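Working notes for the structure below.
Read the figures in this text as sums done on the coordinates, not as results from a lab. Computed from a prediction, not measured in an experiment: that's the story for all the values here. Note that we place each Cβ from the backbone using ideal geometry, even for glycine, and neighbour counts take in every protein chain shown.
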Amino acid sequence: RGVDNLTVTCCGDVLVAEDGGYMRLVAILPDGRFVPLLQVLGQARSEITGPAFDPSGTRLYFSSQRGVARDGLTYEITGPFHAPA
């Protein structure tokens, strides 16, 4: 499929929002490993957009472009997220 949106954590992880129907957010760690973080289900023909962290790095925000009712949804996920070794 494809890559649509990116953001980087304070630890150097690259978060990738995938296009093409999977509706997943995947982390690429500094050592090159891929770690699936989340998948949004039940929102056909949508895509994850705009992943971003709050200034503290403990809250991740992203949107589903069309949502369930085609009106879009924004999500907030609270960490902790990957911490430096």
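Data for the structure
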{"read-out": "Unit charges on C-beta of K, R, D, E only; dipole of the chain, Debye", "value": "200 debye"}
{"read-out": "Ranked Leu29, Leu41, criterion: other C-beta atoms within 10 Å, fewest first", "value": "Leu41, Leu29"}
{"read-out": "Centre separation in Å (Cα based) which lies between the range 32-85 and the range 6-28", "value": "8 Å"}
{"read-out": "Value of relative contact order over the chain, rounded to a whole percent, pairs C-alpha under 8 Å and six or more apart", "value": "21 percent"}
{"read-out": "Added length on full extension, which subtracts the Cα-Cα distance from 0.36 nm per residue, Asp71 to Thr49", "value": "6.6 nm"}
{"read-out": "Selection of trypsin sites (Lys or Arg not before Pro), the chain, meeting DSSP coil and at most 12 other Cβ within 10 Å", "value": "Arg1, Arg33, Arg45, Arg70"}
{"read-out": "Of (i) 5.4; (ii) 6.0; (iii) 7.5, the label for mean projected area of the Cα convex hull in nm² derived from the coordinates", "value": "(i)"}
